[in-house]
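The structure appears below as structure tokens.
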């Protein structure tokens with residue numbers, strides 16, 4: 001089996017990085033009524049609905065102005081590095097290949113590659129694909145958190161099978177048969193199929 005692993009929302013805490021940058025550099029974009037939860041301050045997949053600014057304002061922040069901070073120096077999701085190491089050992093023992101499948105802008109891809117290396121996540125292969133094109137990557141399974149990527153997978157492949165949805169606040173509306181809370185739960189799904 002070839003198993004694709006996304007970065008943001010699976011390994012790297014993009015939500016924390018974006019929220020931290022916005023609070024520090026653009027405090028006027030923070031909604032006063034927001035009550036942060038334990039992990040993700042982003043409640044809505046449409047990022048602009050979480051802040052007092054436009055989608056374009058936010059894209060300028062995370063794609064350009066603060067990409068190094070958010071992408072290159074972002075925090076790992078709690079426990080994700082340890083779980084990834086367990087998953088890697090299992091994959092090797094079972095003859096599976098783990099690859100990285102992530103959507104990053106070309107000018108900022110080096111931040112993600114450095115981030116992966118700095119955390120000891122040395123994938124043999126890294127695919128950079130726009131989110132809605134990830135379904136075209138030659139993988140049997142894809143671990144991702146994006147509602148848009150789930151939709152594209154189901155439409156593109158004609159089935160949900162193979163898309164393992166990491167449970168997040170912003171994807172609760174998706175009725176998935178392959179939802180996980182921790183990265184190492186991937187092993188159970190693949191072993192059961």
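The values are calculated or read from the model by the stated rules, or taken from the named source; none is laboratory data. Keep in mind it's a predicted model, so treat the numbers as computed, not measured. Cβ atoms come from the backbone with ideal geometry, glycine included; neighbour counts cover every protein chain shown.
Okay, here's what the table says:
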read-out: In the stretch 84-99, the residues that are touching a helix residue (DSSP H, G or I) at 6+ places or on another chain (Cβ under 7 Å) and either closer than 20 Å to residue 146 by Cα or surrounded by fewer than 14 Cβ atoms within 10 Å (Cβ to Cβ) (or both); value: 84, 98
read-out: Some residue of the stretch 159-174 being assigned by TED's automatic domain parsing to the domain that holds residue 80, surrounded by fewer than 14 Cβ atoms within 10 Å (Cβ to Cβ) and modelled with pLDDT under 95; value: yes
read-out: Test for residue 144: is it within 14 Å of the chain's Cα centre (by Cα) and surrounded by 21 or more Cβ atoms within 10 Å (Cβ to Cβ); value: yes
read-out: Qualifying residues in the stretch 120-139 (those that are in contact with a strand residue (DSSP E or B) (Cβ under 6 Å, 6 or more places away or on another chain), part of a loop (DSSP other than H, G, I, E, B) and touching a residue at least 40 places away in the same chain (Cβ under 8 Å)) - the one farthest from residue 81 (Cα to Cα); value: 137
read-out: Residue check, residue 67 at pLDDT 95 or above and touching a helix residue (DSSP H, G or I) at 6+ places or on another chain (Cβ under 6 Å); value: yes
